[in-house]
1. Mean residue ellipticity at 222 nm from the helices of the chain, using -39,500 (n - 2.57) per DSSP H segment of n ≥ 4 over the full residue count, to the nearest 500 deg cm²/dmol?
2. Relative to the first principal axis of the alpha-carbon coordinates of the chain, what is the inclination of helix 55-68, with its axis defined by its Cα atoms, in degrees from 0 to 90 and to the nearest 10?
3. Highest first, please rank the peptides 39-48, 17-26 by the mean number of other Cβ atoms sitting within 10 Å of their residues.
4. Starting from the Cα of Lys117, draw a straight line to each of the lysines and keep only those under 19 Å, dropping any in the same chain fewer than 8 residues away.
5. Using a 1.4 Å probe on the protein heavy atoms, what percent of the accessible area of the chain belongs to carbon and sulfur?
6. Select one label from [x] 40, 30, 27; [y] 44, 27, 23; [z] 50, 31, 20: the one whose number is Cα extents along the principal axes in Å as derived from the coordinates shown.
7. For the peptides 86-98, 126-138, what is the packing order when you average, over each peptide's residues, the other Cβ atoms within 10 Å and list the highest mean first?
Amino acid sequence: MSKVETAVARFEEGCSCAQAVFSAYAEGLGLDRQTAMKLSAGFGGGMGRMAQTCGAVTGAFLVLGLKHGGEDHDAREKTYQMVREFAARFTARHGWLLCKDLMGCDISTPEGLQAFKDQKLRSGVCTGLVRDAAEILEGLL
């Protein structure tokens, strides 16, 4: 199974968008699945269900940091450059990075969360965002 398929499968099994993307790649970068799930747990739903930056995007940012990051200036700059490139590619596909814009509702509010559920946006929109984030990562890694 490809990492893209793994990310989608984990999301469909109930992981958050961030956990699905991060864990699919983290294992190949030396981090065990359980630790990857814990590290990315707070990023789903646009960071703690605040409807901010999409969890699939932040999960991808975590992957890029794990792959390219470090304490020195050059490693940080490489990571920043990769994050900007990922963001540009994701935005080119979807127009936005923010969960609430991608969903068309604000899941940080009770009304928005209910609309998210009623419209079945997890399967209807989020699965595709997880897939796209993983595909973009494939092109960058």
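The values are calculated or read from the model by the stated rules, or taken from the named source; none is laboratory data. As the structure is a prediction and not an experimental result, all values here were calculated from the model. Here the Cβ positions follow ideal geometry from the backbone for every residue, glycine too, while neighbour counts run over all protein chains shown. Note: areas computed on protein heavy atoms with side chains; ligands, DNA, RNA excluded. Shrake-Rupley method; radii C 1.70, N 1.55, O 1.52, S 1.80 Å.
1. Working: 9 runs with 96 residues, N = 141.
Dividing the helical sum by the residues of the chain leaves -20500 deg cm²/dmol.
2. Long axis of 55-68 versus the principal axis of the chain: about 0 degrees.
3. Working: 39-48: 19.9, 17-26: 29.7.
With the highest mean Cβ count within 10 Å placed first, the list reads 17-26, 39-48.
4. Counting by Cα, and skipping residues close in sequence, Lys117 has these lysines nearby: Lys100.
5. On the way: 3650 of 7120 Å².
Answer for the chain: carbon and sulfur cover 51 percent of the accessible area.
6. [y]
7. Working: 86-98: 15.0, 126-138: 21.8.
Top of the packing list down: 126-138, 86-98.
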